[in-house]
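Visitor: Here you go, one structure.
Rule-based calculations on the coordinates, nothing more; no lab input. Only a predicted model underlies this, so the values are computations on that prediction, with no experimental measurement involved.
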Amino acid sequence: MGLELHISLSIILPFFLLVFILIITLWRSKTKNSNSKLPPGPRKLPLIGSIHHLGTLPHRSLARLASQYGSLMHMQLGELYCIVVSSPEMAKEVMNTHDIIFANRPYVLAADVITYGSKGMTFSPQGTYLRQMRKICTMELLAQKRVQSFRSIREQELSIFVKEISLSEGSPINISEKINSLAYGLLSRIAFGKKSKDQQAYIEHMKDVIETVTGFSLADLYPSIGLLQVLTGIRTRVEKIHRGMDRILENIVRDHREKTLDTKAVGEDKGEDLVDVLLRLQKNGDLQHPLSDTVVKATILV
């Protein structure tokens, strides 16, 4: 009896979930303006929209579809209406001529949770906060003088990278692993001033962050159905990743504050890393949007 009930529920529940999603999708499609001027695009199906056109190699599928429907193409992915741009001329129109119109970012659950409510520049909505953070990035974090100041670090890390490969002559090596190690080593020294004591944990968490943020999520395709965040387990997973990453970033911020106090006590000045810059602006910057510790950690993460 119990087994039969379990089998029945395993069949009935997904069916009713699909029916529910279908009803919501049809209702939302009817409430949209039917006269909206959208670019041409492939045929859509109920519920899934144009997802079935993507296939296992989306980049090739999009190139094939663009040759048929043009360099400005409309696709519906679940509830989301997307515009696919696939030519330099059209990219200039979107990213330069009409950049303000297209400047906003779509809501992505994983990115929103991991970046402290979309406080990182990559996923922040268009507005005064994003303009302020872009200015900080341009004038402070990635200014030419500051980038040049890290030249010796880049040379040292590249030298270590080349030496490790040369020592492995005649033996197979995992080049992807070596490049990742180089990238994270550079990041640790440039952003944090030194290789973090939590570097290995940071690397593992960053792998999870990248995989989760860039991966496929059914909950993101149907944002109006909050229940999908629970059923797919995506919210539980990203919150776990966020907690682990937050512990590491919290340690980094605390260590830099203590280092700053110690440096002032002995009168030393060994130059600023990126975390130092953010903490200086947090304390002394006359900013429209104050740099809280949450904003500092979100910026470090980006």
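Visitor: Residues with amide H under 5 Å of Leu77's amide H, sequence separation 5 or more or different chain, H placed in the peptide plane at 1.01 Å from N; which?
Guide: For Leu77, the qualifying residues are Ser50, Cys82.
Visitor: Give the cross-link partners of Lys163 among the aspartates and glutamates, using a straight C-alpha distance below 16 Å as the criterion and excluding same-chain residues fewer than 8 apart.
Guide: Cross-link targets: Glu155, Glu177.
Visitor: Now, a different point. Kindly write out, for segment 174-182 in residue order, the coupling ³J(HN,Hα) from the Karplus curve 6.51 cos²θ - 1.76 cosθ + 1.60 (θ = phi - 60°), rounded to whole Hz, with x marking Gly and Pro.
Guide: 8, 5, 4, 5, 5, 5, 4, 5, 4
Visitor: Using the structure shown, list the pairs from Lys259/Lys297; Lys240/Lys297; Lys178/Lys240; Lys135/Lys297; Lys44/Lys92; Lys207/Lys297 with a Cα-Cα distance above 19 Å, or answer none. Spell out each step's value before the answer.
Guide: Working: Lys259/Lys297 17 Å; Lys240/Lys297 17 Å; Lys178/Lys240 27 Å; Lys135/Lys297 17 Å; Lys44/Lys92 28 Å; Lys207/Lys297 17 Å.
As for pairs spanning more than 19 Å Cα to Cα, those are Lys178/Lys240; Lys44/Lys92.
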